[in-house]
1. In the stretch 100-147, which residue that is of a type in the set (Ser, Thr, Tyr) and assigned to a loop (DSSP other than H, G, I, E, B) is modelled with the lowest pLDDT?
2. Looking only at the stretch 61-87, filter to residues that are assigned to a helix (DSSP H, G or I) and in contact with a Ser or Thr (Cβ under 9 Å, 6 or more places away or on another chain); which one of those is surrounded by the fewest Cβ atoms within 10 Å (Cβ to Cβ)?
3. Taking interchain pairs and intrachain pairs at least six residues apart, which have beta carbon atoms under 7 angstrom, with the first residue in the stretch 6-34 and part of a loop (DSSP other than H, G, I, E, B) and the second aromatic (Phe, Trp, Tyr)?
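The values are calculated or read from the model by the stated rules, or taken from the named source; none is laboratory data. Keep in mind that what you see is a predicted model, and the values were worked out from it rather than measured. All Cβ positions, glycine included, derive from the backbone under ideal geometry; neighbour counts span all protein chains shown.
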Amino acid sequence: MLKTYVDEKRQTTVAVAEDVEMDAVMHILKVMPEISYGAEEEVECGIPGVTRINLRAFNLSGDLINGPIKGIVKCHEGDTYDVAVGKNEAVKKAMNNHNKAFKRALKNWQIAILKRIREVSPDTFEEAVHKVVPYKCDNCWDNEDLK
């Protein structure tokens with residue numbers, strides 16, 4: 001839900017995107033419905049036919065977006081304050097901030113999953129990855145993010 005707040009006295013507009021914590025998790029579950037819906041740390045979700053999801057499954061609990069997401073616009077001194085322009089710009093900022101948080105959550109999840117998959121067989125991991133993403137990279141998995 002997106003709300004906007006206007007303070008004409010201070011010439012400031014704030015847009016707040018609420019209830020965004022599960023956005024990345026919901027995206028992952030829509031794209032990968034085979035992820036388990038199990039016992040620990042279950043929460044209500046909004047997917048038709050699925051009443052609860054297991055946040056620990058594939059490390060989803062670490063990929064919640066810290067919300068609410070805000071976009072704040074303040075009129076510069078000497079400019080004329082326009083409520084409509086302020087709301088529009090604040091919403092743009094809030095959506096941009098949401099997009100950054102969403103991508104960060106997805107990236108964190110992907111890194112966590114790759115770490116877990118690598119643990120299955122470190123010897124075959126890089127070869128398997130190269131079959132999916134064909135490129136040659138010396139010491140690709142020496143990256144600090146994946147350790």
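1. Filtering the stretch 100-147 down to residues of a type in the set (Ser, Thr, Tyr) leaves 121, 124, 135.
Checking the rest, the ones that are also assigned to a loop (DSSP other than H, G, I, E, B) come to 121, 135.
Working: Ser121: 88, Tyr135: 62.
Within the stretch 100-147, the match that is modelled with the lowest pLDDT is Tyr135.
2. Val83
3. Matching pairs, first to second residue: Glu8/Tyr81; Gln11/Tyr81.
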